[in-house]
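K.L.:
Structure below; questions to follow.
The values are calculated or read from the model by the stated rules, or taken from the named source; none is laboratory data. On a predicted model such as this, the values are computed, not experimentally measured, just so you know. All Cβ positions, even for glycine, are placed from backbone atoms using ideal geometry, and neighbour counts span all protein chains on display.
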Amino acid sequence: MRVLSGIQPTGNLHLGNYLGAIRNWVAMQDEMPAADTASAGKDADSRCFFFLADMHSITVHESREQRLANVRDMAAALVACGIDPDRSVLFNQARVPAHAELCWLLCGTARIGWMNRMTQFKDKAGKNRDSASVGLYVYPVLMAADVLLYQATHVPVGEDQKQHLELTRDIAIKFNTDFGVELFTLPDPIIPRQTARIMSLRDGTAKMSKSDPSDMSRINLTDDTDTIVQKVRKAKTDPEPLPGEAAGLAGRPEAQNLVGIYATLANSTPDAVCAQFAGQGFGAFKPALGDLLAETLAPIRTRFLALRDDHAALDALLDKGAQQAAAAAEPTLRAAYDAIGLMR
């Protein structure tokens, strides 16, 4: 089993990133055999590959300095959240040129019709398709290269990524068929056992996002205890008390969101949380949620702040991961060149 997943280094990680993806990455990592004991055994290929998708990030303009800072910050945040570079392969795309090389090779296999069906391009480009970058259009091919390069067997996906994984499988099948090889592994999706869709603290119908102009809409992983408590206290709610079971939250998106956050942090269920606070108002529930959030995030914040300014250590960590990733990618890339009939 080889798991691969990536995240764009856009800076300002928030609770939605942590509970929606990163915490599940840590759980998957901890289920894998340790690298030092697996290397000589049958589980040598059972690894987690987690990467910072900085090559994907160039579809949005940023300054050189901001992009470099975002990559280091994201690396620090992932380690602070529990990703262990000694157990998983942690790297940024740009340090492994094989991603770009395989993407170009796969552009000869991917079809225009497949690209035209990608809903994320339509959503992100909006009405300004002609002014969108070519990179945004072929973004899914680079995603396919990211996965196929490492012969990943499993890819954690959310609802918005299922179409891209299906495209990855289509590209792999066509390449294998066109060139009469069995090169690329067809990856399967991983639906995490515990998923969390974290919504804005100001609007329970919108996802928590770093792009929201209001900082009060999200819990940042860098927020201190006082800030977290204040944001929870001011989070939008309704005047009704909490019901005895989660079904009673229907039509109450803000209440549903806060209960869901508490349940996820406590490794509980919305039904259990509702039973615990049944009949109580948010005046009682919010302080409990604020305390739980602060307790959970405090060690992450402390570790992140200690790591983020040590650029030499972060660069060394990413370089180590890139060397491991490049070694794992090389056989696949070499075989892809050979299958096509290109010499390198």
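K.L.:
Can you say whether THR296 is in a helix (DSSP H, G or I), more than 28 Å from LEU149 (Cα to Cα) and not basic (Lys, Arg), as far as the supplied structure shows?
P.N.:
yes
K.L.:
Quick check on SER131: is it polar (S, T, N, Q) and surrounded by fewer than 18 Cβ atoms within 10 Å (Cβ to Cβ)?
P.N.:
yes
K.L.:
Also: Which residues, counting only those in segment 79-101, are under 17 Å from ALA53 (Cα atoms) and of a type in the set (D, E, K, R)?
P.N.:
Those that are under 17 Å from ALA53 (Cα atoms) and of a type in the set (D, E, K, R): ARG95, GLU101.
K.L.:
Can you say whether GLY279 is out of contact with any helix residue (DSSP H, G or I) (no Cβ under 6 Å at 6 or more places or on another chain) and part of a loop (DSSP other than H, G, I, E, B), as far as the supplied structure shows?
P.N.:
Taking the combined requirement at face value, the residue satisfies it.
K.L.:
Looking only at residues that are polar (S, T, N, Q) and over 17 Å from PHE91 (Cα atoms) in segment 135-176, which one is nearest to the chain's Cα centre (by Cα)? Working first, answer last.
P.N.:
First, pick out the residues of segment 135-176 that are polar (S, T, N, Q): 151, 153, 161, 163, 168, 176.
Filter once more, so that each one left must be over 17 Å from PHE91 (Cα atoms): 153, 161, 163, 168, 176.
Working: THR153: 17, GLN161: 10, GLN163: 16, THR168: 17, ASN176: 28 Å.
Step by step, filter segment 135-176, then rank; the result is GLN161.
K.L.:
Any idea which of ALA328, ALA313 is under 22 Å from the mean Cα position of the chain (by Cα), part of a helix (DSSP H, G or I) and either at positive phi or at pLDDT 95 or above (or both)?
P.N.:
Matching residue, one of ALA328, ALA313: ALA328.
K.L.:
For segment 273-291: of the residues being under 14 Å from LEU249 (Cα atoms) and surrounded by 15 or more Cβ atoms within 10 Å (Cβ to Cβ), which is nearest to the chain's Cα centre (by Cα)?
P.N.:
VAL273
K.L.:
Which one is farthest from the chain's Cα centre (by Cα), of the residues in segment 202-257 that are closer than 19 Å to ALA272 by Cβ and small (Gly, Ala, Ser)?
P.N.:
Per the criteria, the residue is GLY244.
K.L.:
Return the only residue of GLN161, GLN151 being in the same structural domain as ALA27 (by TED's automatic domain parsing) and free of Cβ contacts under 8 Å to residues at least 24 places away in the same chain. Spell out the reasoning first.
P.N.:
On the way: GLN151 fails: free of Cβ contacts under 8 Å to residues at least 24 places away in the same chain.
Of the residues listed, the single one that is in the same structural domain as ALA27 (by TED's automatic domain parsing) and free of Cβ contacts under 8 Å to residues at least 24 places away in the same chain is GLN161.
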